[in-house]
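The values are calculated or read from the model by the stated rules, or taken from the named source; none is laboratory data. Everything numeric in this text was worked out from a predicted model, so none of it was measured. Methodologically, a virtual Cβ is constructed for each residue, glycine included, from the backbone with ideal geometry; neighbour enumeration extends over all protein chains shown.
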Amino acid sequence: MFLVSVVMPTYNTGSVIANAIMSIVGQTYKKWELIIVDDGSEEIHKQFLKKLLLQIDDKRVKLIERKHEGVVAARMAGYRKAKGELIAVQDADDLSMPDRLEVAVKAFEEDEDLSVFCHAIYVNMWLPIGCIYREYRKNSQRSRQSLLREQTINGVPVFRK
């Protein structure tokens, strides 16, 4: 069983981060850590996040606070703290399907050469009928070789550390 480190940078994300965090806490796969990297948010956002984490009270959720240097620096700080064999990308305004990590881990267990696994659902909220699934690509897998030949990775990736 792999430990999956979910890295979530945040900067002044307000209440939208609550749903992103809960989409990880509610995963069907339970061997994960969530590393939230606060990239120098304003005090009101920091306090909201700290209260939220107290309410969630899950030791797998960790908070790193740092000065504002941008999303790339925040993400890299999270990667450096990650203890998992697999790292999952998650933005503070994104949601993960409940089986996202379970499906990804299974793909890595079945293919030792797999480097990146993408699991995505696209939702269009602007149509008159409301939210609909536009596309669901559960098995967008990339090997090291294809990463060297192609430039795109669709969805939210999970990759080997």
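A few remarks follow.
- Matching residues, the stretch 80-121, being aromatic (F, W, Y) and out of contact with any strand residue (DSSP E or B) (no Cβ under 6 Å at 6 or more places or on another chain): none
- Residue within the stretch 22-43 that is in contact with a His (Cβ under 7 Å, 6 or more places away or on another chain), more than 22 Å from E102 (Cα to Cα) and modelled with pLDDT of 95 or more present: yes
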